[in-house]
Amino acid sequence: MKPALVLLLLALLAACAAPVPERPAAPPPPPVVQTPAQALAALPGAEPLDDEAVGIRYPGEILFGSGAVLPLPGGPDLLDPLAELLAAHPGSRWLLRVRAATELGDAYDERLAAERAEILARYLTRRGVAAERLEWRIETGEGAPLEVRPAP
């Protein structure tokens, strides 16, 4: 009889006990706000520029093969995040430098860089980047095939 009485008392005590208030959930951390420069530096395949200027470059044959007009396979994996970033900052203007360097001479390299820029311009505008916010520079010689920085 004693064990039954003890169980009955414990049950009554448990029923009368005040519920333990739940702790409020911790507020979510504030969203990380990136400047366009920080967002540029986080793009896949991109490297920061060597000089003090804010911007990135796609070096070597990451985006374009030597002498190729079209981006390499996997180009959309690099260009889609760039397009999203440029479209997400509608108040910003961007300078895009497109280069080509081959053994076929400056005239060929200039035409190659111009055709790359034309393809890139079409690609970016089809993904929502306003064409008037993009300033293009065509260059020949050594250097990254594509550099992107805020326009002056």
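Legend: P(r) of the stretch 91-132 from all alpha carbon pair distances, 5 Å bins from 0, whole percents, reading 5, 21, 25, 20, 13, 10, 5, 1. Expressed as a whole percent, the accessible surface of the stretch 51-120 that belongs to carbon and sulfur atoms is 53, based on a 1.4 Å probe. Computed about the Cα centre, the dipole magnitude for the stretch 105-152 is approximately 420 debye when only Lys and Arg (+1) and Asp and Glu (-1) carry charge, each at its Cβ. Entry comment: accessible area of the stretch 91-149 is 53 Å² per residue, from protein heavy atoms only and a probe of 1.4 Å. Taking all protein chains together, Asp80, Asp51 sort by accessible area into Asp51, Asp80, largest first [probe 1.4 Å]. Quick one: grab the alpha carbon gyration tensor of the stretch 66-152, order the square roots of its eigenvalues as a ≥ b ≥ c, and give me rounded if a/c is under 1.5, else prolate or oblate depending on whether a/b is larger than b/c. Here the stretch 66-152 falls in the prolate category.
Our estimate of slack between Ala151 and Ala68, defined as 0.36 nm per intervening residue step minus the Cα-Cα distance, is 27.2 nm.
Rounded to the nearest whole Hz, the Karplus-based 3J(HN,Hα) values (6.51 cos²θ - 1.76 cosθ + 1.60, θ = phi - 60°) of the stretch 77-86 follow the sequence 5, 8, 7, 4, x, 5, 4, 4, 5, 5, with x at glycine and proline. Rounded to the nearest 0.05, the FRET efficiency derived from the C-beta distance between Glu110 and Ala130 at R0 = 25 Å is 0.45. When all protein chains stay in place and ligands, DNA and RNA are ignored, the 1.4 Å accessible-area order of Ser66, Ser92, largest first, is Ser66, Ser92.
The values are calculated or read from the model by the stated rules, or taken from the named source; none is laboratory data. Quick caveat: nothing in here was measured; it's all calculated off a predicted structure. Positions of Cβ are backbone-derived with ideal geometry, glycine not excepted, and every protein chain shown enters the neighbour counts. Quick note on the areas: whole protein, heavy atoms, side chains included, nothing else; ligands and nucleic acids left out. Shrake-Rupley method; radii C 1.70, N 1.55, O 1.52, S 1.80 Å.
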